[in-house]
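Where a number appears in this text, it was derived from the coordinates with a stated rule and is not lab data. The shown structure was predicted, so the numbers you read here are calculated from the model rather than taken from an experiment. Reconstructed Cβ throughout: ideal geometry from the backbone, glycine too, with neighbour counts over all protein chains shown.
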Amino acid sequence: HLAPFVDVSRQKIRTKVEKEFKDAGIETTQEALNKVVEDRLRDEIKSGIQTIQYQLITLMTCNGQAPFVTMFMHLEEAPEGRTRDDLALCIEEVLKQRMQGVKNEKGVWITPAFPKLIYVLDDCNIREDAPYWHLTEIAAECTSKRLVPDYISAKVMRELKKGSVYTCMGCRSFLTVEESQKNADGSYKFYGRFNQGVVTINLVDVACSSYGNMDKFWEILDERLELCHRALRLRHERLLGTPSDVAPILWQYGAIARLKKGETIDKLLYNGYSTISLGYAGLCEMCYRMVGKSHTTDEGREFALKVMQRLNDKCAEWKAAENISYSVYGTPMESTTYKFAKALQRRFGVIPHVTDKNYITNSYHVHVEEEIDAFQKLKFESDFQKLSPGGAISYVEVPNMQDNIPAILEVMKYIHENIMYAELNTKSDFCEECGYSGEIKIVEDAEGKLVWECPNCGNRNQDKMSVARRTCGYIGTQFWNQGRTQEIKDRVLHL
């Protein structure tokens, strides 16, 4: 969306420079003139990207957070030639500025949580001889320092999304490809569409409620899915009758639609224009309770995939009956992971591998304590991404990779070939007491509470440190409840 304006600036700068040279009586070659113009253009791009970044991170929402904004960097969204090259200039500047970070109130360069960055891996940038390979190298270096960008494989996405490549909303919520939203040229509409909300089924609770009885499990699963369906209907029905006047930028001025004043949004809630999501959590623990094994085993995987298929079948059934686009969604489980875990412990006690943690595993992910290498994990989880059309993201946990950029590039190449959407979780912390930059550790204090501690000076004051961790697709920088903190502590490295 920004790329076409680069050439507008280029032409304005050229006119201005030509006038300056003429007024000063300077004769110059076309080559020298072009160099001056391009140098000034890069300065303007730098200022523009910096303005966007700082406006986003200082535009606080009512609860003091930065807005959850995603910047989508897809080279093939721009036509080949000058416009695509200009888009590459914008992407390069975004990556370089994120790599630098932003200054906090104490003047320390830190990792910002937003905007989230997504970089699309495609034929034009995934090999050393590709025209935009240099951007991929910068992206890898940026990931090593600031955890972003995250990566979408255009190759895999085209296979799963009828030839389309598009961004998620927020950290992982993907619109489904709808025939009703097909454009005249055969492409599909995504920009402007939206999601009505999500309700999450706790699969661990379904398994525990069945006490290991497989027939009972499927019976309870269907009951709970219908409960989720009722809850989703409540979200949908709450939106019915909403006049476009409540948010003119969204509904009247084109951010989502261009409805008339006084017109309701009802027609946008049906026929594929918007989606509504059935979330799920705890697939791993569910398998341990029902088959006594992780879903990474053959038996566990077969059962887990059957459950995922049941979720998709139910969404298809509801959609056919109501013309509302239900889709299966791998819930991020921000603070809810702790809430679900404590509820499970109250109801069923402590069951090894099932309820013995203060968290449950996000969506289909391999358990954070399970030893598995990065490439096996991505390949295994790719089958489950296919069954989460409403959104999901995979990750690999890695150590400090700033001195091993080639390894990051190899993971990125593997993502391009094997999985639609993935990220690398690196460490990017800073201690203000001693100036340490690296990984701040999680330890237990005298009361058994998990706290953050600088490994260099022992500082435990959260106000004197900057910690950035990916917790659910987004980067978190404001610390977490005890359940999520334990989950972060338990993570094993995959690379």
Distance between modelled label sites at residue 240 and residue 100, nm, 7 Å Cα→Cβ extension: 5.3
Candidate lysines for bridging to residue 260, where Cα separation is under 27 Å - those fewer than 8 sequence places away on the same chain excluded: 182, 189
Intensity falloff of the chain expressed as log10 I(q)/I(0), Debye formula with alpha-carbon point scatterers, at q = 0.05 Å⁻¹: -0.22
Proximal aspartates and glutamates to residue 342, defined as alpha-carbon separation beneath 13 angstrom and excluding residues fewer than eight positions away on the same chain: 205, 356
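Using 1/(1 + (r/R0)^6) with R0 = 45 angstrom and r between the beta carbons of residue 29 and residue 83, what's the FRET efficiency to the nearest 0.05?
Numbers: r = 26 Å, r/R0 = 0.58.
E between residue 29 and residue 83, to the nearest 0.05, is 0.95.
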At most 11 other Cβ within 10 Å, DSSP loop - GluC sites (Glu not before Pro), the stretch 71-150: 80, 105, 128
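Taking the convex hull of the alpha carbon atoms in the stretch 434-489, what volume per residue do you get, in Å³? Intermediate values should be presented prior to the final figure.
Working: hull volume 4.6 nm³, N = 56.
It comes to 83 Å³ per residue, whole-number rounded.
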Residue (of 321, 100, 438) at the positive-pole extreme of the chain, dipole from beta-carbon charges: 321
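I'd like the FRET efficiency for residue 335 and residue 59, computed as 1/(1 + (r/R0)^6) with the beta carbon distance as r and R0 of 25 Å, rounded to 0.05.
Working: r = 23 Å, r/R0 = 0.93.
FRET efficiency, residue 335 to residue 59: 0.60.
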Close Lys-Lys pairs in the stretch 35-159, where close means Cα under 27 Å and separation is 8 or more or interchain: 18
Inter-site label distance for residue 12 and residue 47 at 7 Å from Cα along Cβ, in nm: 1.0
Longest segment of the chain lacking chymotrypsin sites (Phe, Trp or Tyr not before Pro) that sit in a DSSP loop with at most 12 other Cβ atoms within 10 Å: 212-495
Order of 416, 229, 295 - criterion: other Cβ atoms within 10 Å of each residue's Cβ, fewest first: 229, 416, 295
